[in-house]
Amino acid sequence: MTHNFIGVLFVIAGLVANTASAESLKTPTEKPILTISGKIALKNEGDSAQFDRAMLESLGMVTVETSSPWYKGLVKFEGISLDKLMSYVGATGDRVTVIALNDYSTEIPIKDFSDHNTIIALKRDGEYMSVREKGPLFIIYPFDSKPELKSQTYYGRSAWQVAKIIVK
């Protein structure tokens, strides 16, 4: 009986240790390109989570190939699932405010991220996007996947030159 109890304690201690390490966010080694703040659990800089490019890419890149009003023909965007990113930082809000480098802002319901497989793109057609080319981060919906996404509502939510996301 005592032997089983001690074994259970070791299992619990291991789970606690794994949970604690999963909740730590390393500090960016390069210049941060994204700051997430607001209703989040995972932080590395005061009340926010800062990410450099490598940190974002380490979460796993996904690809969306779609047409859009900004480019001719199909474009291949590569980036991070916003649903996955929000889960990673422990977002508990129901919407986000996205703020671009030029202070453009848009509000997006968080459920868009899972409902529409929305990404925050770092690459367009295999190349990192510069600020001049709507980078370094561009929120992309798979516009061709559902007719309703080809509307001003979703085009307006597709901010480029994204610098900050505030979870509300």
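The values are calculated or read from the model by the stated rules, or taken from the named source; none is laboratory data. Quick caveat: nothing in here was measured; it's all calculated off a predicted structure. Positions of Cβ are generated from backbone atoms using ideal geometry, with glycine treated the same way; all protein chains shown enter the neighbour counts. Surface areas here come from the heavy atoms of the whole protein model, side chains and all, with no ligands, DNA or RNA. Shrake-Rupley method; radii C 1.70, N 1.55, O 1.52, S 1.80 Å.
By how many degrees, between 0 and 90 and to the nearest 10, does the Cα long axis of helix 2-22 differ from the longest principal axis of the chain?
30 degrees
Please identify every one of the chymotrypsin sites (Phe, Trp or Tyr not before Pro) in region 65-168 that sits in a loop by DSSP and has no more than 14 other beta carbons within 10 Å of its own beta carbon.
In loop regions of region 65-168 (DSSP not H, G, I, E or B), the sparsely surrounded chymotrypsin sites (Phe, Trp or Tyr not before Pro) are 70, 104.
Roughly how many nanometres apart are two label points built 7 Å out from the Cα toward the Cβ at residue 87 and residue 45?
For the pair residue 87/residue 45, the computed spacing is 2.6 nm.
By how many nm would the segment from residue 114 to residue 168 lengthen if fully extended, with 0.36 nm per residue of separation less the alpha-carbon distance?
Gain on stretching residue 114 to residue 168: 17.8 nm.
How much accessible area does residue 81 have with a 1.4 Å probe, in Å² rounded to the nearest 10?
30 Å²
Given the protein chains as shown and a 1.4 Å probe, how many square angstrom of residue 98 are accessible, to the nearest 10?
Accessible area, nearest 10 Å²: 0 Å².
With charges only on Cβ, +1 for K and R and -1 for D and E, what is the dipole size of region 82-135 about its Cα centre, in debye, rounded to 20?
That gives region 82-135 a dipole magnitude of about 120 debye.
At 7 Å along the Cα-to-beta-carbon direction for both residue 102 and residue 153, put a label point, then send me their distance in nm to one decimal.
2.6 nm
Given the -39500 (n - 2.57) contribution per DSSP H run of 4+ residues, what per-residue ellipticity at 222 nm results for the chain, rounded to the nearest 500 deg cm²/dmol?
Using -39500 (n - 2.57) per qualifying helix, the result is -7500 deg cm²/dmol.
Once you have the Cα-Cα distance between residue 130 and residue 71, take 0.36 nm times their residue separation minus that, and quote the gain in nm to one decimal.
19.7 nm
Please name which of 135, 85, 62 has its Cα lying farthest along the dipole of the chain towards the positive end, using unit charges on Cβ (Lys, Arg +1; Asp, Glu -1) and the Cα centre as origin.
Selected residue: 135.
Based on Cβ point charges of +1 for Lys and Arg and -1 for Asp and Glu, what charge dipole magnitude is obtained for the chain about its Cα centre, in debye rounded to the nearest 20?
So the dipole magnitude of the chain works out to roughly 160 debye.
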